[in-house]
1. Does segment 22-41 hold any residues that are in contact with a strand residue (DSSP E or B) (Cβ under 9 Å, 6 or more places away or on another chain), at pLDDT below 95 and polar (S, T, N, Q), and which are they?
2. Just one of the numbered conditions (1) touching a Ser or Thr at 6+ places or on another chain (Cβ under 8 Å); (2) within 16 Å of ligand 2 (Cβ to nearest atom) is not true of ILE129; which one?
3. So which residues in segment 26-36 are buried (at least 17 other Cβ atoms within 10 Å of the Cβ), of a type outside the set (A, V, I, L, M) and within 11 Å of ligand 2 (Cβ to nearest atom)?
4. Is there a residue in segment 58-79 that is more than 20 Å from GLU7 (Cα to Cα), within 16 Å of ligand 1 (Cβ to nearest atom) and in contact with a helix residue (DSSP H, G or I) (Cβ under 6 Å, 6 or more places away or on another chain)?
5. Take segment 43-78 and flag every residue that is of a type in the set (S, T, N, Q) and either under 20 Å from GLU9 (Cβ atoms) or within 13 Å of the chain's Cα centre (by Cα) (or both).
6. What's the number of the only condition in (1) away from ligand 2 (no atom under 15 Å from the Cβ); (2) free of Cβ contacts under 8 Å to residues at least 24 places away in the same chain; (3) under 25 Å from ALA8 (Cα atoms); (4) surrounded by 14 or more Cβ atoms within 10 Å (Cβ to Cβ) that GLU40 fails to meet?
7. Which residues, taken from segment 96-134, are within 16 Å of ligand 1 (Cβ to nearest atom), among the hydrophobic types (A, V, I, L, M, F, W, C) and out of contact with any strand residue (DSSP E or B) (no Cβ under 7 Å at 6 or more places or on another chain)?
8. Can you go through ASP114, ASP84, ASP63 and tell me which one is surrounded by fewer than 17 Cβ atoms within 10 Å (Cβ to Cβ) and modelled with pLDDT of 95 or more?
Amino acid sequence: MMVKTNEAERILRESGIRITKPRVDVYDYIISKKSHPTCEEIYDNLKGSNPSLSLATIYNVTDRLVDENLLIRITAPNGERRFDGTLDFHGHFYCESCGMVFDYVIKKHHLESDSRFIYNNIDVMASGICPNCQ
Ligand SMILES: [Zn+2]
Ligand SMILES: [Zn+2]
């Protein structure tokens, strides 16, 4: 019988992370939904199929995956801590109406144009009204 390995499990394995069901489920949720979820959103969506899952476990898993450079932690203007599995450089747009966080394309070299500085990290968080709410 073929055992189907999902994308999340494959990436965790290749990164040398021990496979546990919460790790695979949480990481899979983040990289497949692309909604920059909070821990609470992940919990609300996974607890139905996973009654033993706790919010504390999700905090631990997301912290661990940030440490392993598999997730980026972003802070929305309303203070929510959200998680992103898209590691290529991009900007974020926070909708002040619906609270969703969107990705958008932004050129990193434009943000590094002041040569006085050495850039180790750049976060771009714009805010306004998204297309769905206009
Ligand atoms: Zn919106
Ligand atoms: Zn993003």
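The values are calculated or read from the model by the stated rules, or taken from the named source; none is laboratory data. Model, not experiment: these values are computed from the prediction. FYI the Cβ positions are ideal-geometry reconstructions off the backbone, even for glycines, and counts take in every protein chain you see.
1. Within segment 22-41, SER35 is the sole residue that qualifies.
2. (2)
3. Looking only at segment 26-36, we keep the residues that are buried (at least 17 other Cβ atoms within 10 Å of the Cβ), and these are 26-31, 35-36.
Going one step further and asking which of them are of a type outside the set (A, V, I, L, M), we end up with 27-29, 35-36.
SER35, HIS36 - these are the residues of segment 26-36 that are buried (at least 17 other Cβ atoms within 10 Å of the Cβ), of a type outside the set (A, V, I, L, M) and within 11 Å of ligand 2 (Cβ to nearest atom).
4. no
5. Kept after step one, since they are of a type in the set (S, T, N, Q), are these residues of segment 43-78: 45, 49-50, 52, 54, 57, 60, 62, 69, 75, 78.
Answer for segment 43-78, where residues must be of a type in the set (S, T, N, Q) and either under 20 Å from GLU9 (Cβ atoms) or within 13 Å of the chain's Cα centre (by Cα) (or both): ASN45, SER49, ASN50, SER52, THR57, ASN60, THR62, ASN69, THR75.
6. Among (1) away from ligand 2 (no atom under 15 Å from the Cβ); (2) free of Cβ contacts under 8 Å to residues at least 24 places away in the same chain; (3) under 25 Å from ALA8 (Cα atoms); (4) surrounded by 14 or more Cβ atoms within 10 Å (Cβ to Cβ), GLU40 violates only (4).
7. Going residue by residue through segment 96-134, those that are within 16 Å of ligand 1 (Cβ to nearest atom) are 96-104, 125-134.
Next cut, among the hydrophobic types (A, V, I, L, M, F, W, C) only: 98, 100-102, 125-126, 129-130, 133.
Matches in segment 96-134: CYS98, MET100.
8. Just one listed residue meets the conditions, ASP63.
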